Amino acid sequence: MRATAASLVAATKNDVPRRRATCSHGVVTADHDVSPAYGADRLAAVYDALNTWGSSDEFYLRHLMPAASVLDLGCGMLCRARVAGHRGDLVGVDPAAGMLAVARAKRDDVAWLRARAQALDLGRTFELVTMTGHAFQELLDDDDVRAVLAAVHRHLVPGGRFVFETRNPAARAWQRWTPGQTRATVRSPAGDEVVVWHDLRRVRPPDLVDYVTTFHWRGTGYTVTSASTLRFVDPVWLNTLCTDAGLRVDGWYGDWDRSAVTATSPEIIVVAARV
Ligand SMILES: C[S@@+](CC[C@H](N)C(=O)[O-])C[C@H]1O[C@@H](n2cnc3c(N)ncnc32)[C@H](O)[C@@H]1O
């Protein structure tokens, strides 16, 4: 959808404007129900430059490479699996047109589908389902989490694995989401220098965090801000939600080195199996 900055404000179920972008010139393209940082082509194009290869990729590839069929919810990781030599059946799903356009341009040997994970029903199963890059935190309430876990269950073979991660709320990562601590300068695929930073706006107990990401093109001065909300789900409750959905948690890690979850570990990395 093409939209002006004003029309990018999309109310959620409880009328909190969580998907909003404003810009200094012209228009940005965004989807109604995803953050402009992912829906808008121009912003999604910067994502890979900001999220370069890391230890999380090594962790996921150890699960991805032996699996003959993989469904990835919140796309991107499957490009890296292909680069690493995966020859199997790969399906990537994302509701954001911008992120899908980037993925499609990189790999035409992955099946890319535009959909929200909650409503997905492909009528088939996979050995592995993944949700990487903290995409799970885009699910802002229990209804969304339950819907996604049900979708995962119906797309897994018995014994198949669901691997995902969410930031550990005890580590309070949002306290470091200040312009000073997050400012990064990257080069876009078009060769432009883009300065990007996050700015915490509001913590909404019990578990929602609102923040704004600013993208500033140095050469032209073009600036876009994208407002987002993430959920920092309580780990004990998350375990219950997985169990209720027929997913048994086999692995529970606090970081990509497979260390335990503690009050300071950054992640909650879950390896679950369909019962
Ligand atoms: C932080 S990015 C992570 C991208 C990629 N998985 C990675 O590892 O870099 C979050 C992604 O989740 C997607 N997303 C948001 N809501 C979603 C939903 N309901 N179902 C599937 N994907 C969703 C966004 O569009 C975005 O592409």
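FYI, it's all coordinate maths here, none of it is from the lab. Predicted model only: the values in this text are computed from it and were never measured. When we count neighbours, we look across all protein chains shown, and the Cβ atoms used for this are built from the backbone with ideal geometry, even at glycine.
Observations
- Put in line by how crowded their Cβ is, counting other Cβ atoms within 10 Å and starting with the fewest, THR229, THR130, THR178 read THR178, THR229, THR130.
- Interatomic Cα distance distribution for the range 126-223, bins of 10 angstrom, percent: 13, 32, 27, 23, 6, 0
- Computed from point charges on the beta carbon alone (+1 for Lys and Arg, -1 for Asp and Glu), the dipole magnitude for the range 61-192 about its Cα centre is near 480 Debye.
- Size of charge dipole - the range 143-275 - debye, nearest 20, with Cβ of Lys, Arg +1 and Asp, Glu -1, no other charges: 80 debye
- Summing Cβ point charges (Lys, Arg +1; Asp, Glu -1) relative to the Cα centre of the chain gives a dipole of roughly 360 debye.
- 5 angstrom amide H check on ASP234, placed H, neighbours 5+ away: none
- Largest-first ellipsoid semi-axes for the chain, taking √(5λ) over the Cα gyration tensor eigenvalues, angstrom: 29, 22, 18
- Dipole of the chain, positive direction: furthest Cα of ASN51, SER226, ALA190, with charges on the beta-carbon: ALA190
- Distance between the C-alpha centres of the range 186-235 and the range 59-100: 25 Å, rounded to the whole angstrom.
- Projecting the Cα atoms of HIS63, GLY133, GLY246 onto the dipole axis of the chain, where Lys and Arg carry +1 and Asp and Glu carry -1 at the beta carbon, places GLY133 farthest toward the positive end.
- Among 88-97, 70-79, the order from most to least packed when residues are scored by Cβ within 10 Å on average: 70-79, 88-97
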